[in-house]
1. Of the numbered conditions (1) small (Gly, Ala, Ser); (2) surrounded by 14 or more Cβ atoms within 10 Å (Cβ to Cβ); (3) under 16 Å from the mean Cα position of the chain (by Cα), SER111 fails exactly one; give the number of that condition.
2. For a quick check of your reading: which helices (runs of 4 or more DSSP H) sit entirely within the stretch 167-236 and have at least 3 residues that are β-branched (Val, Ile, Thr)?
3. Of all residues in the stretch 135-189, which are in contact (Cβ under 8 Å) with a residue 40 or more places away in the chain and of a type in the set (Phe, Trp, Tyr)?
4. If I ask for residues that are outside the structural domain of GLY29 (by TED's automatic domain parsing) and touching a Ser or Thr at 6+ places or on another chain (Cβ under 6 Å), which ones from the stretch 86-122 would you list?
5. Out of all the residues in the stretch 13-58, which are charged (D, E, K, R), modelled with pLDDT under 90 and touching a Ser or Thr at 6+ places or on another chain (Cβ under 7 Å)?
Amino acid sequence: MKYFILNALLFSTLFVSAQELEFTGKLIGLQNNTKVILSDLRSRPSGKRFHDTASVSNGVFKFKTVLPGAGTYALRVALIGQNPEHRKLYLDGGKVQLQGKRGELKKAKVSSDAPYMMDYILFTELMESQDVFARKKLLIDTSMMRMAETGSYDGLLKAPGLLDRMMKVEKEAKAKETELAKKWLVENPNSDINAYIIKTYLRSKINESPVKEAIIKLSPAARRSFPGIILTSTSK
């Protein structure tokens, strides 16, 4: 009984420490006392949302906190009326650094020695390097500009061929996402971000054999992430 309690305490300590996050960010041009917020993108099974706030000092902000679990979080810099920016990140724990320029948060460099973060950065860079996604963004920006000019969808609908090009590139982008996600799972079967990849990019392929096999092979860290909990509970 004594050893069982000691083992339980040790496991609990390891689990909590794995969720401890030290996130340091530096953005050139960021003013002192600017508010920076780290929060859940969606409610957890408990119904509660994680939310933490930091203030900028000498151009640097820092979060030292315990996350409720691995998953996607939103990093928001500044409040309404202060040129707010936001960026989605997959976080679990460990030390994470962000460095870049104010006004270009989505281009800021993220680094970490944590295995999950190194994989997340690698996979994100792989996705962002694809031409189809750049073409998709360009068409979306163009459609937004057209609609802004007319104040309605008319600007989009009346632009020659724009809607057809958007539908075509959307289909190409979805196919490329699926291709890259499946390839990643095959080449990195033990990656801690695999539950996130399946949940984000292969949701419609969840009943296909390769995806089912990937769920079975999820690493312990991937299984205890929020995407992993959802996937393993629904696949039973």
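1. (2) is the only condition that SER111 fails.
2. 194-201, 209-216, 226-234
3. Once the filter is applied, which keeps residues that are in contact (Cβ under 8 Å) with a residue 40 or more places away in the chain and of a type in the set (Phe, Trp, Tyr), the stretch 135-189 yields only TRP184.
4. If the condition is that a residue be outside the structural domain of GLY29 (by TED's automatic domain parsing) and touching a Ser or Thr at 6+ places or on another chain (Cβ under 6 Å), then ASP119 is the only one that fits.
5. If the condition is that a residue be charged (D, E, K, R), modelled with pLDDT under 90 and touching a Ser or Thr at 6+ places or on another chain (Cβ under 7 Å), then ARG49 is the only one that fits.
Yes or no, residue by residue, for (1) surrounded by 17 or more Cβ atoms within 10 Å (Cβ to Cβ); (2) without any contact (Cβ under 8 Å) to a residue 24 or more places away in the chain:
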position: GLY25; (1), (2): yes, no
position: VAL36; (1), (2): yes, no
position: HIS51; (1), (2): no, yes
position: GLY59; (1), (2): no, no
position: TYR90; (1), (2): yes, no
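The values are calculated or read from the model by the stated rules, or taken from the named source; none is laboratory data. Just so it is clear, the model here is predicted, and its values are computed rather than measured. So basically every Cβ, Gly included, is an ideal-geometry build from the backbone, and we count neighbours across all protein chains shown.
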